[in-house]
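All remarks here apply to the structure that follows.
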Amino acid sequence: MRKTRFKKILLIQPMHEKQKKAVRTSINFPWGLASLATCYRKAGFEVEILDGQALQLSKEEILAQIAPLDFDVAGISAFSTQYPAVKLIAEHIKKRRKVPVITGGALATYQAEMVLRTTRVDICVIGEGEISGIEILRSWNDLGKVKGIAFKQDGRVFFTPPQDRFIDLDELPLPDFCLFDVEKYLRQQNAYARKQNPGIPAMAVITSRGCPYSCRFCSKSSQHFRSMSPKKIYEMLEALKREFHIEEVSFGDELFLFSKSRFRELTPLLASLNIPWGGQARVNLMDKEFLEMIKRAGCVGLGYGIESGSQRILDNMNKKITVAQIEFAMKYTTKLKIPIKVQLIFGYPGEDETTVQETIDLFKRVDHPGRRFNVITPIPGSKLYDDCVRKGLIKDEPGYLAAIEKSFGVGRVHVNFTQWPDDEIYPRKREAEEKMMKNYYGKKIARRAFYAVSKALGRL
C-alpha cells in the first residue's frame, strides 16, 4: 500500500430528522456505509462507525459523540434531506480539529458545488465511494488525479472527470459486521408485508444499485444500474441466516424484481433458504408466470410504484407503465394472496380533480384500499428538481434543502404544481385517501366492521 498520512477514519451517518424517535421500531442496516468501511479496512485503514440513524441521535447528540473520538479524517454519508446535518457536523469538526471532511451519498453526488460553497466540507464523492474514497486518501496532495470527486482549493471548487470504474457487486465481501451493533438492525420489519412479524430477527438487504428506469420524480442512487448475481444473493442470505439467524428479509433495492429470466435462477435458491421476503416490483414486468414464480420463492409482500391512476399523469412522470398493466398486476397479485404495498403521489404536474378521481376509480376497480399519498416534493438528482431550478420555482437551494429536512413529503407543500391553493392540497389528499378506503372497506360486512374498529383505535 502506498504511504498515506491518514490512518483512522470516522464514518458518520446522520439521523433522518423527520423520523421521530418514538415511532422508530426498525432500522435499516447501512449497506453502503458498511461496504465503504470494509473496503477501507481491507486497504489498511482503521475505521470507526457512528450510525446516528441506528442510535437515533439528533444532530446535537452526534456532535457530543464525535467530541471524544480520535480520527484523522471524517466521512459523512448523507441524503439530500440531510444537508443541515452535514453543514453542522462539518462545522463542528473543523472548529476542533485539523482533519479533512469528506461527504458522500446523494447529497454529495447531486449537490457537490452547493455543499462545497456553503459548508466546511472539503471533498464531495460523486457517485460510489469504494474506489474514489480510497484514492482520495492516497492522493491527498494531488486530488486532481482522483476521478469522480469535487473538491475545494484556494476558495475555488474543482470537478474531476467522472469515475469510469464501477464496483462489481459480486466481488464485494460481506461487511465487517464487527463494526456494528447488529442487534439494532435485526428488528427490521418487512416493509412490503401487510402483516408484520415484530418478534422475529429480520433484516433489510440491498442487492443492486440504481434502477434501469428514469421516472422524472426519482433520484437514483446510481446512474450505472447493476445487480448481484443470484448466486451472490444466495451466499449473502445464507451467511446472514447462519450468523444472525434471520427469519425474514426485506429487499431494499430500488427495483428488486427487474428481470423474469434472472429471477428464474433465483427462485429455487430463495425457496431453499425458506426465508419469507418482500421487495419492489414493476407492474409492466409482471405476468402470470413471473408472479407465480415470485409466490413459489416465498414472497410475502410486493411493492408497486403505482403513483397515479391517470394515464396522463403516468406519462408526465415517464413511468413507462399503463393503467391496464396496473390493473392486471394488482388483481393477479391479490389472487395469489401476496400482500401489496403501493406507492402513490399527489399533486404531480398536471394533477387536477379528474386525475385524482381516476386514481380513486382505479383502486375501486382492483378492490384495494390504496394507502396514503405522498405529496410530491422535488429532490436533487431528479429531472423534476432540475426543472424547478431552471424555471425559478426553487431559487434558494440551500434554503430549500433545509426546509425539506423535517417535512419531506409530509405536512407542507414546498412546490405547488396544481391550480389549488397550498392550504387545499393536504385536505384534498386526505379526502381522496378516505374515499379509497371507504370504497374498499364498504364492500363487505367483515371489512366494514374492521374499518370501524380500526378507525376507532386510530389505526387507519
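Only the coordinates and a few stated rules stand behind these numbers; no lab work does. Treat the numbers as computed from the prediction; the structure is a model and nothing was measured. No Cβ is skipped: glycine too gets one built from the backbone with ideal geometry, and neighbour counts run over all protein chains shown.
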For the chain, list the cysteines whose Cβ sits under 4.7 Å from no other cysteine Cβ? Cys39, Cys124, Cys178, Cys211, Cys299, Cys388
Taking a quarter of the surface of the Cα convex hull of the chain, what do you get in nm²? 22.2
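Taking only Cα atoms of the stretch 163-235, what ratio of Rg to Rh do you get with Rh as the Kirkwood inverse-distance radius?
Numbers: Rg = 15.4 Å, Rh = 15.1 Å.
When Rh is taken as the Kirkwood radius, the ratio is 1.02.
Nothing charged except the Cβ atoms of Lys and Arg (+1) and of Asp and Glu (-1): what's the magnitude of the dipole of the stretch 165-264 about its Cα centre? Round to the nearest 20 debye.
600
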What does the highest-first list of 37-49, 421-433, 127-139 look like by mean Cβ count within 10 Å? 127-139, 37-49, 421-433
Using only Cα positions of the stretch 73-141, each an equal point scatterer, no hydration layer, compute I(q)/I(0) via Debye at q = 0.14 Å⁻¹ and quote the log10 values to two decimals. -0.36
How long is the gain from Thr322 to Asp396 if the chain were fully straight, where each residue apart is worth 0.36 nm and the alpha carbon distance is subtracted? 23.0 nm
Distance in nm between Leu336 and Asn284 label points, each 7 Å along Cα→Cβ, equals 2.0
Unsatisfied cross-links (Cα-Cα over 30 Å) in the set Lys341/Lys391; Lys87/Lys220; Lys59/Lys232; Lys42/Lys220; Lys288/Lys429: Lys341/Lys391; Lys59/Lys232; Lys288/Lys429
Once you list every other residue whose beta carbon is under 9 Å from the beta carbon of Thr119, what net charge do they have if Lys and Arg are +1 and Asp and Glu are -1? +2
Peptides 274-286, 171-183: what's the order by average Cβ count within 10 Å, highest mean first? 274-286, 171-183
Of all trypsin sites (Lys or Arg not before Pro) in the stretch 85-128, the ones in DSSP coil with at most 14 other Cβ atoms within 10 Å are Lys98
Can you give me the relative contact order of the stretch 8-159 as a percent, contacts being Cα pairs under 8 Å and 6 or more apart? 22
Looking at Gly133, Ile89, Thr160, which one has the Cα that reaches farthest to the positive end of the dipole of the stretch 70-179 (charges on Cβ: Lys, Arg +1; Asp, Glu -1)? Ile89
Percent of beta bridges antiparallel (DSSP, the stretch 8-159, rounded to nearest 5): 30
With a bin width of 10 angstrom, please list the P(r) values of the stretch 8-159 as percents of all Cα-Cα pairs, from the 0 bin to the one holding the largest distance. 11, 44, 36, 7, 1
What is the spin-label model distance, in nm, from Ser139 to Arg430 if the labels are put 7 Å beyond Cα along the C-beta direction? 5.5
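Work through the residues other than Lys232 whose Cβ is under 14 Å from its Cβ and net out their charges, Lys, Arg +1 and Asp, Glu -1. All intermediate terms of the calculation are to be shown ahead of the outcome.
Values: positive: Arg209, Arg226, Lys231, Arg262; negative: Asp168, Asp170, Glu171, Glu235, Glu238, Asp253, Glu265.
Value of the local net charge: -3.
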